[in-house]
Amino acid sequence: GGSGPGVIVVQEWWGLDPGILEIADRLGAAGFVALVPDLYHAVPFYGFPQGDAEPDWTGLTAAVRGHMAEHDDFFPPDAATALEAKLQGLGKDVVVTVHPGSGHAFMNPYNPLGTLDEELGARVWPEVCEFLHATLR
């Protein structure tokens, strides 16, 4: 429990591992209430769109800041910057930063890829908290 602006922490493909729970704890220490849903356990009542399905981005009202890895086979930098350009073209407040030399899951000390970058994480974390404090009420 607690009070403060709410933040939803979305797990990586490894599920609710210690790294995701640690992020939630760090957000709590920074004055937020963090919700960490277990996305691997659900009861869906409809399918997930596949293939060329594209979200309707026109309804996006939240400001978005993305911190992406330069070496990420799951969401390559070109895809990240293309999405940023698309959303900015729709007038959305979106900024994507691709961090040179970093790999997928660079913030997660428990990821089995071995791509943790503690120095980068230490630089990015204050920006994340500043953005959340400025935008959440």
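No lab work stands behind these numbers, since they all come straight from the coordinates. Note that the coordinates shown come from a computational prediction; the quantities given were computed from them, not determined experimentally. FYI the Cβ positions are ideal-geometry reconstructions off the backbone, even for glycines, and counts take in every protein chain you see.
In the list (i) 1.11; (ii) 1.28; (iii) 1.37, the label attached to Cα Rg over 2.2 N^0.38 Å as derived from the coordinates here is (i).
As a proxy for reagent exposure, ranking 86, 92 by other Cβ atoms within 10 Å from fewest up yields 86, 92. For the chain, adding -39500 (n - 2.57) for each run of n ≥ 4 DSSP H residues and dividing by the number of residues yields -10000 deg cm²/dmol at 222 nm. For the range 7-34, backbone nitrogen atoms closer than 15 Å to the point 7 Å from residue 135 Cα along Cα-to-C-beta are found at 7-10. The antiparallel fraction among DSSP beta bridges confined to the chain stands at about 10%.
Only one residue of 105, 134, 21 has its Cα farthest out toward the positive end of the dipole of the chain, where Lys and Arg carry +1 and Asp and Glu -1 on Cβ, and that residue is 134. Ordered by the number of other Cβ atoms lying within 10 Å of each residue's own Cβ, fewest first, 26, 137 fall into the sequence 137, 26.
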